[in-house]
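To start, the structure under review is shown below, and the notes come after it.
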Amino acid sequence: MKNFKRIFCLALCVFMLATAVTGVASAEEATGAAPFRLSVTVNGDTATSRGFCWYTAEEAATKIEFDGMDESFYKVSDVVCEEWDGNYMHKLVVSELKKGTTYTYRVGDGTNWSEWGTFTTDDGDNKVSFINIADVQASNLENFQVGANTLTEAFKKLPGADFVSNCGDFTNDSTNEEWNYYDEAFGAMNKNFTIVPVAGNHDGLGVEYWFNNMFALDTTESVQIKDGVNYSFDYGNAHFAVLNTNDILAISNAQLEWLKNDMKSTDKDWKIVFMHKSPYTLGKDGKWPDALYLQDCLPGVMAECNVDMVFSGHDHQYLRTKPLTNGQIDANGTTWVLSGTAGTKRYEVRPFLAGHFMNTDHIANLVVQKDGYGNYWDGFSWENTTERNIGYCFETVEIDGGTLTLKTYIVNEKTGMTNIVDEIDFTKKTGENKITFEGDNTTSEMDYTLNIIPSFFNLAKYAIGTWLPEFFAMLPELLYSVIVYDTF
C-alpha cells in the first residue's frame, strides 16, 4: 500500500506537467457507554485549557468531571458526540482553568465513567520540557506495546515532561482494530499526559478524517481537516507549530502561508515545528519528491521566521542536521531532527542518496539501524557498527530561558538498556523575537480550493525540474545498490 502511494505521488507529479489498559476501558472490553480511546491534547491556551477525545460503543452523553470541583470553576465547550466507523466519538474542550495546576478528571456520560486521569496546565514561566517520538506504525498489539514501552522509558528520563509530541504514523492502516490496539497499549499513559499529535501519511492519506476524529484539536486555523490538522500553541517561552504533510501530498500553498503568518505572530523566544515527512534523510523515503519538496519550500520560511528546530518522522532513522539557513550551514540557522522510530520498523541508510538529495556535510549526528546491528556515520564511513544502537528511539527536550537541551536515546532491543546517542545544548539571546503579523490567519474554503491547482503545480514543477534530473543522475548508484545490496 505504501509503495503504491509513492508510485501514485510520482505518477501524479509527472502527469501534471507532461487498552488492556489501566484507567480506560480497553476497546475489547468496551460495551455500551464505557469510555475508551481517551486522549488529552493541547487545545487553545495551554495554561487554561485542554481538549479531550474518547469513544463509546453506543451513543451516550458527553461529560467531564473534575475531582473536588464543581462546574462553576471551569467552562466546557465544543461538545461533540458523533458516530464514526461503528463507534461514537466524543469531544469537548475545557477552558478557564488555573495556570500551573494539576487536575484530576474523568470522562463519561454521568453514569459510566473512565478511571481518573491527571494533567497539569502551563505555569507561564520561561521553561518547558517535552518528549518526542515518531512512527510506532504498528499493526499488532505486540508491536504497539513496544512503542508504549519506549514511551515509558522516556518518562524515566524526563518524568516532568509537560507534553509528548508524536510525529505521526500512530498506526499502520488506521483501522478500528489498530486504534484499539493503540489504546490497549498506550491508554493508561494517554489519560495522564498531554499529547501533541502530528498526522502521518498512515494516519491521513487514504484514511480520510481518522486523524481529526481521534484527537480533540483546535482546528480553527487548520487549512483543511480531511487528511490531518495544522495548528499551533504556546508553552513556556516557546511557540510550537504542527504541520500536516499530507496536505496535497506534501504541503499546500495555503499551509505555507499559514505557517509564515503563525510564526510571525509570536514573540516567544523559541520557535519549534513538528511535522511528519522529513526533507533531510538518508532513509528509503529520501528519494521521493513529496518529502523532498519540503526541502525546497520550507527552509526559506524557517529562515524568514527564525525557526530554531524542526522535528519530523516518516523515515524511521535518527538524523540531526547542523543548523542550516537556506541549505547552508549557519550557527543561527534551523536544526532539523529526524526522530527515529519508537516502534519496531527501522530503515537502513541509502548511501546512494548522499551527494544527491542529502549533503553529508550537513549531518551532525546519524544513527542507522539494520538487521541485527546498527551503524553510525562518523563523517568518513558508513560501516562503523555497534549493537547498542539497535532499538527504539525517543528524544527529550528541555528549554530553560535561553538554553535548549536536546537528548536522544535508544532503548536497546536485546538488553532493554537505554543508551544516549546524541546530546547538545543550543543557546540564544532571549527577548529578540518580535510580532510582525497580527491579522486573520484562517483560510476560507474558497481560498483553499483556489490554491489547490497552484499547489499541485508547484509540487509538479519541483518534481519535473529539480527532483527528476537529480533522480536520473542518481540512478546508476541506486541500481548498483539494488543489484549488490538488495536495497532500494
So for R0 = 51 Å, FRET eff. of E387-F457 from the Cβ-Cβ r, to 0.05, ends up at 0.60
Taking L256, L479 and counting other beta carbon atoms within 10 angstrom, the fewest-first order is L479, L256
Stretched fully, the stretch from E65 through N192 gains (0.36 nm per residue minus C-alpha distance, one decimal, in nm) 44.2 nm
In whole percent, the Cα-Cα distances of the chain spread across 20 Å bins from 0 upward as 24, 59, 16, 0
Placing each pseudo-label 7 Å from Cα in the direction of the beta carbon, F437 and T325 end up separated by a distance in nanometres of 2.0 nm
Here FRET efficiency (C-beta to C-beta, S444 to C297, R₀ 25 Å, nearest 0.05) is 0.70
Note on the range 125-488, DSSP bridge orientation, antiparallel percent to nearest 5 equals 70 percent
Filtering GluC sites (Glu not before Pro) in the range 393-488 by DSSP loop and by at most 10 other Cβ atoms within 10 Å leaves E432, E438
Listed by chain and number, the residues whose amide H is under 5 Å from that of Q224, excluding neighbours fewer than 5 places away on the same chain and using placed H, are N230
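Please give the FRET efficiency for A473 paired with S95, using the beta carbon to beta carbon distance and R0 = 41 Å, rounded to the nearest 0.05.
My answer for the efficiency is 0.15.
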For K284, counting only lysines whose alpha-carbon sits under 27 Å away and dropping same-chain residues fewer than eight positions off, the answer is K2, K5, K226, K322, K345, K370, K407, K414, K461
Here the residues of the range 254-275 lying in the modelled label zone of E304, meaning backbone nitrogen under 13 Å from a point 7 Å along Cα-to-Cβ, are 254-265
Distance in nm between T219 and E177 label points, each 7 Å along Cα→Cβ, equals 2.7 nm
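Readers should treat all values here as calculations from the given coordinates under stated rules, not as data from a laboratory. Only a predicted model underlies this, so the values are computations on that prediction, with no experimental measurement involved. Ideal geometry is used to build each Cβ from the backbone, glycine not excepted, and the neighbour counts take in all protein chains shown.
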